[in-house]
Amino acid sequence: MGVLLVTGFLSMMMYGQWNIYFFQVYFNFPNLRMKQYSCSAFYIGADNEHQQVTIISNNGALLIKTVLNDQQMVYLPAGSMDTILYFGREVSEDQEMYTLDLENPETQIKVSFLVSQKDSEELQNQLRGKQVFFRFKNPRILSQLAPGIQLIQTQNNVMVEKMAVFPKNMIDQASISRLCQLKQEADILSLLKEQEHQNIIKLEEIVTDGESVSIILENCQGGDLLKLLNKKTIKMDVPLVMINLLTGLKHLHEQNIVHRDIKLQNILFLDAQNANTLKIADFGLSCFKQQIPYYNPRCGTPGYTAPEVYSQQCIYDEKVDIYSAGIILYNMLTLKNPFGNSKNIQDIIKRNISGQYDETHLVNVKINNPLGYDLLLKMLQKDARNRPSAKECLLHPFFDQEIYEIQEDQNSIKHETQKRIQTTKRVKI
Ligand SMILES: Nc1ncnc2c1ncn2[C@@H]1O[C@H](COP(=O)(O)OP(=O)(O)O)[C@@H](O)[C@H]1O
Ligand SMILES: [Mg+2]
C-alpha cells in the first residue's frame with residue numbers, strides 16, 4: 001500500500017496573529033475517500049467586523065481562506081484535535097445563521113465564523129468522528145477505572161471516557177502535560193480509525209464540554225494483562241497473547257507509529273477468556289517515527305523501556321516496542337519482572353539501562369520451553385539492530401502458524417478447547 005508523507009506547516013490566524021504549527025499528514029491512497037464540501041461564511045473579528053471567507057472541508061481536513069486576498073486563515077489536518085470545534089450556536093433565527101467556533105485548548109484563543117444552517121449541518125457531517133463535537137447529554141458514570149478514566153453509560157452503549165481538563169493557566173504543568181498526552185492519543189487514534197485493526201483499541205468519539213476534553217473508547221471489560229496475570233484462575237495462552245500483541249505492533253509499525261509505552265497495564269482485553277480480543281491501548285506517548293526526536297524522546301516506563309532510549313544520543317526506532325513486548329513475554333513466561341521489584345525506581349532504571357535481565361528465572365523456561373526462550377532472547381537483544389521486527393517475530397517457530405490458522409476457521413468453543421490443549425503441550429510455565 002502506498003503511503004505518502006506530506007510535511008508542512010499548519011498556519012492559523014487568530015485575531016491577527018499567525019501561529020505556526022508543525023504537522024504531518026498521512027494519506028493512504030487505496031482508502032482515500034475524497035469528500036469535499038465548500039461554502040461561504042463570515043469571520044467574526046475581535047471588533048465584531050465581518051470578513052467574508054470560504055470554508056473547505058476535504059476528507060476530514062478543514063481549510064478556511066479569506067475571499068479578499070485568498071489568504072489561508074485556518075488549516076486543520078484530518079484527525080487533528082489541535083483546535084476544538086463547536087457547532088450550532090444559533091445567532092439569528094430569521095436568517096438561520098449559526099456559528100462554527102474553533103478554540104485552541106492550550107492558548108484558549110477562540111475564533112468564530114458565521115455559517116448558514118444548511119452549510120453548518122453539512123460541515124458537521126463532513127467532519128464527524130474526526131473533530132470534537134458536543135458532549136454526551138448526562139452520561140451515567142458506572143465506575144472509576146483509573147484517575148481521569150471512567151466507565152460511562154450513554155443512550156445505548158457502555159464505553160470508557162478518558163478525560164483531560166483544560167489548564168486554568170500556563171503554570172498548571174500537570175494539566176498541560178495530561179492534555180498534551182490526550183491530544184496526541186486522540187490524533188494517533190483518529191488516524192488509526194481510518195486503518196482499523198482488531199488488536200488496536202477503537203476510538204469512538206472525541207467530545208468536549210468547553211472545560212475538558214475526552215476521548216471515548218470501546219470498553220475492554222476483560223481488563224488489562226497485569227490484572228489477568230495476577231488472577232490465578234485464568235490460564236494464560238502465552239503464544240496466542242504474543243501473536244495478537246505482535247500483530248497489533250506490526251500494524252502500528254506499518255503505519256510508521258511507535259507506541260513507546262508497551263507494558264502489561266496497556267494491553268487490554270474485550271474478553272478475559274479470549275486472547276484474540278487483545279487490544280493495544282494508551283497511545284499517550286505514541287508518535288510517528290519521524291517525530292521521535294521532537295516529541296518526548298526520553299519516555300516510557302522503567303522496567304519496560306529499551307536501553308537505547310536511555311542512551312546519551314537517544315536515537316531509536318520502532319524496535320523499542322519489540323523490546324517492551326519482550327519484557328511482556330518474560331513476565332508471562334516467568335511471572336516475574338526481569339529487572340526485579342525494588343522499591344527504589346533508580347535500581348530498576350540502572351538494571352534496565354544495562355539490559356541485564358535476571359537469568360535465574362529463565363532456567364526452567366530454557367528447559368521446558370526452548371522456543372519461547374529463544375524468541376525472548378532475540379526480542380531482548382540490547383543492540384536494536386539485532387532485534388527482530390514484529391513481522392520477523394511472528395515467523396518464529398514459537399508460533400505454530402498452521403495450528404493457529406486452522407483454529408481461526410473453527411467455531412469459538414471448539415477453538416478455545418483445542419487451543420488450550422495445544423498450548424499446554426507446547427508452553428510449560
Ligand atoms: N477502554 C478501556 N477499557 C477498559 N479499561 C480501560 C480502558 N482504558 C483504560 N482502562 C483502564 O485504565 C487503566 C489506565 O488507562 P490508560 O489508557 O493506560 O491511561 P494512563 O494514561 O492513565 O496510563 C488501564 O490500565 C486499564 O486498566
Ligand atoms: Mg497506561
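The values are calculated or read from the model by the stated rules, or taken from the named source; none is laboratory data. In this text, all values refer to a predicted model and were calculated from it rather than measured experimentally. When we count neighbours, we look across all protein chains shown, and the Cβ atoms used for this are built from the backbone with ideal geometry, even at glycine.
Report, by residue number, each residue of segment 214-242 that is assigned to a helix (DSSP H, G or I) and either away from ligand 2 (no atom under 16 Å from the Cβ) or of a type in the set (D, E) (or both).
Across segment 214-242, the qualifying residues are N230, V238, P239, L240, V241, M242.
Which residues, taken from segment 198-213, are outside any loop (DSSP other than H, G, I, E, B) and within 16 Å of ligand 2 (Cβ to nearest atom)?
Residues satisfying the conditions are I200, L203.
Search segment 307-333 for residues being in contact with a Phe, Trp or Tyr (Cβ under 7 Å, 6 or more places away or on another chain) and either more than 13 Å from G355 (Cα to Cα) or not acidic (D, E) (or both), and hand back the single one that is surrounded by the most Cβ atoms within 10 Å (Cβ to Cβ).
S324
Does segment 284-331 hold any residues that are touching a Pro at 6+ places or on another chain (Cβ under 9 Å) and either of a type in the set (S, T, Y) or farther than 19 Å from K250 by Cα (or both), and which are they?
Of everything in segment 284-331, those that are touching a Pro at 6+ places or on another chain (Cβ under 9 Å) and either of a type in the set (S, T, Y) or farther than 19 Å from K250 by Cα (or both) turn out to be G303, V309, C314, I315, Y316, Y323, Y330, N331.
Can you tell which of T305, T301 is among the polar types (S, T, N, Q), without any contact (Cβ under 8 Å) to a residue 60 or more places away in the chain and within 12 Å of ligand 2 (Cβ to nearest atom)?
T301
Which of the helices (runs of 4 or more DSSP H) contained wholly in segment 332-394 include at least 2 residues that are of a type in the set (D, E, K, R)?
Where helices (runs of 4 or more DSSP H) fall fully within segment 332-394 and carry at least 2 residues being of a type in the set (D, E, K, R), they are 345-354, 370-379, 390-394.
Report yes if L245 is out of contact with any Lys or Arg (no Cβ under 8 Å at 6 or more places or on another chain), crowded, with 19+ Cβ neighbours inside 10 Å and either assigned to a helix (DSSP H, G or I) or in the same structural domain as L182 (by TED's automatic domain parsing) (or both), otherwise no.
Taking the combined requirement at face value, the residue satisfies it.
Which pairs have Cβ atoms under 8 Å, sit 6 or more apart or on different chains, and link a residue in segment 139-158 that is under 16 Å from N266 (Cα atoms) to one that is surrounded by 12 or more Cβ atoms within 10 Å (Cβ to Cβ) and basic (K, R)?
G148/K162; G148/R178; I149/K162
If I ask for residues that are out of contact with any strand residue (DSSP E or B) (no Cβ under 6 Å at 6 or more places or on another chain) and over 18 Å from N266 (Cα atoms), which ones from segment 176-186 would you list?
Within segment 176-186, I176, S177, C180 meet the criteria.
Given the criteria among the polar types (S, T, N, Q), without any contact (Cβ under 8 Å) to a residue 24 or more places away in the chain and assigned by TED's automatic domain parsing to the domain that holds P388, does Q313 qualify?
Against the criterion (among the polar types (S, T, N, Q), without any contact (Cβ under 8 Å) to a residue 24 or more places away in the chain and assigned by TED's automatic domain parsing to the domain that holds P388), Q313 qualifies.
Find all pairs meeting these conditions: Cβ atoms under 8 angstrom apart; at least six residues apart or on different chains; first residue within segment 257-281 and under 23 Å from L191 (Cα atoms); second residue of a type in the set (K, R) and within 11 Å of ligand 1 (Cβ to nearest atom).
I267/K279; L268/K279; F269/K279; L270/K279; K279/K202
Which residue out of K65, K35 is at pLDDT 80 or above and within 26 Å of D187 (Cα to Cα)?
Unique residue meeting the criteria: K65.
Please tell me if L268 is surrounded by 20 or more Cβ atoms within 10 Å (Cβ to Cβ) and either part of a loop (DSSP other than H, G, I, E, B) or within 16 Å of ligand 2 (Cβ to nearest atom) (or both).
Yes: the conditions hold for L268.
If we scan segment 174-196, do we find a residue that is under 20 Å from the mean Cα position of the chain (by Cα) and not in a helix (DSSP H, G or I)?
yes
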